[in-house]
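J.: Mind having a look at this structure? Questions to follow.
Bear in mind that the values in this text are calculations on the coordinates, not laboratory data. None of these values were measured; they are calculated from a predicted model. Every residue, glycine among them, receives a Cβ derived from its backbone with ideal geometry; neighbour counts consider all protein chains shown.
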Amino acid sequence: MFSLIEISNKDENSLKLYYQFINEASKNDWKKRYQLSCILKNIPVIKQGNLSDFEYFKVTKKQRASFELASKEYLLLLNGIPVSSIYIILKNERIADITVTTLPKYRKKGYAQKAIQLAEEKIFANPNVFFTTITDITKEKISSKIAIALGYSYHEETNTFVKVNPILEENITHQL
């Protein structure tokens, strides 16, 4: 039913699914958004030329990758259909920040929570990552509700929700 796949510039299938997700999420306005993000980040805008929309998408995704922080992207698939996108930025070697986006027609069904849970399994498999964080920028405080449901604690100073790697908690408990 559910699967979490990593989006990779080397995997054509993951790029096709991500292209499908981005098209639906942006209502086919992804090119304008891409170009605006390039302008804001001082990244050269690639011209589409004779490339199909999908080929142009692949080229722009590869170009952006070299300008981004250490990150990973995943898609939550429901019966092979992308419903949520997870973006993980390694703030440093010990902290991973999680951002999730769910397509409007799949919201309020628990898919974002499921996507974060599956991403946490991958993140916390690395014992060098001590914490994950979630920052809520939604007006409705949706990410806050999800974070609390997943056992995150709110940290007022940084305005983020924080979760300790369960492997570390387990080791600390055994040492006490």
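J.: With the contact rule set at Cα under 8 Å and sequence spacing of 6 or more, what percent relative contact order holds for the stretch 2-175?
T.: 17
J.: So, one more: Any chance you could give the angle, 0 to 90 degrees and rounded to 10, that helix 30-41 forms with the longest Cα principal axis of the chain?
T.: 70
J.: In addition: Check Thr160: other-chain or 5+ apart residues with amide H under 5 Å from its amide H, H built from backbone geometry?
T.: The answer is His155.
J.: Under a plain spin-label model, where a point goes 7 Å from the Cα along Cα-to-Cβ, how far apart in nm are Val164 and Gln35?
T.: If labels sit at Val164 and Gln35, their model points lie 5.0 nm apart.
J.: For an R0 of 45 angstrom, estimate the FRET efficiency from the Cβ-Cβ distance between Lys141 and Asn50 and round to the nearest 0.05.
T.: Working from the Cβ atoms, E equals 0.50.
J.: Follow-up question, since we're still on this one. Please say if the chain is rounded, prolate or oblate, where rounded means a/c under 1.5 for a ≥ b ≥ c the square roots of the C-alpha gyration tensor eigenvalues, and otherwise the choice is prolate for a/b larger than b/c and oblate otherwise?
T.: Judged from the Cα gyration tensor, the chain comes out prolate (a/c at least 1.5, a/b above b/c).
J.: While we're on this one: Just from the alpha-carbon atoms, what are the Rg and Dmax of the stretch 56-120 in angstroms?
T.: 13.2, 35
J.: Under 29 Å from the Cα of Lys41, which lysines turn up, not counting those fewer than eight places away in the same chain?
T.: Within the straight-line limit of under 29 Å, Lys41 reaches these lysines: Lys10, Lys16, Lys27, Lys31, Lys32, Lys58, Lys61, Lys62, Lys72, Lys91, Lys139, Lys141.
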